[in-house]
Amino acid sequence: MGFKEYRGEKITVYFDGDICQHAAECVKGLPEVFNVKAKPWISLDNADVKNVVEVINRCPSGALKYKI
């Protein structure tokens with residue numbers, strides 16, 4: 001699958017579902033950004049970039065990466 005790109009105004013996030021361990025750190029940490037019931041499931045402009053970075057850094061699998 002590889003990394004899929006999600007662009008926000010101030011940050012771009014990459015997600016690889018093949019390596020995701022489904023620990024749900026993202027969903028629990030920022031449900032307004034990471035919402036598995038929405039399409040697209042990552043909506044980066046719904047929170048401050050600093051908060052998005054903090055949550056991504058908690059991802060245990062490395063399935064989420066970002067570029068500012």
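The values are calculated or read from the model by the stated rules, or taken from the named source; none is laboratory data. For clarity, every value in this text was computed on a predicted model and none was experimentally measured. Note that we place each Cβ from the backbone using ideal geometry, even for glycine, and neighbour counts take in every protein chain shown. The accessibility values were calculated without ligands, DNA or RNA, using every heavy atom of the protein model including side chains. Shrake-Rupley method; radii C 1.70, N 1.55, O 1.52, S 1.80 Å.
All of (1) farther than 20 Å from Asp18 by Cβ; (2) in contact with a strand residue (DSSP E or B) (Cβ under 6 Å, 6 or more places away or on another chain) hold for Tyr66 with one exception: (1). For segment 54-64, the condition holds for no residue, the condition being that it is surrounded by 12 or more Cβ atoms within 10 Å (Cβ to Cβ), in contact with a Ser or Thr (Cβ under 9 Å, 6 or more places away or on another chain) and of a type outside the set (Phe, Trp, Tyr). Taken over segment 42-53, the residue count meeting the criterion of being open to solvent by less than 30 Å² (accessible area, probe 1.4 Å) and among the acidic types (Asp, Glu) is 0. Taking the condition touching a residue at least 60 places away in the same chain (Cβ under 8 Å) and either among the small types (Gly, Ala, Ser) or out of contact with any helix residue (DSSP H, G or I) (no Cβ under 8 Å at 6 or more places or on another chain) (or both), does Phe3 pass? For Phe3, the condition - touching a residue at least 60 places away in the same chain (Cβ under 8 Å) and either among the small types (Gly, Ala, Ser) or out of contact with any helix residue (DSSP H, G or I) (no Cβ under 8 Å at 6 or more places or on another chain) (or both) - is met. Among residues of segment 18-38 that are over 15 Å from Ala63 (Cα atoms), those with a beta-carbon under 7 Å from a residue that is at pLDDT 95 or above and of a type in the set (Phe, Trp, Tyr) at least six positions away or on a different chain give the pairs Asn35/Trp41. Do the conditions hold for Tyr14, that is, is it touching a Pro at 6+ places or on another chain (Cβ under 9 Å) and crowded, with 16+ Cβ neighbours inside 10 Å? In short, no.
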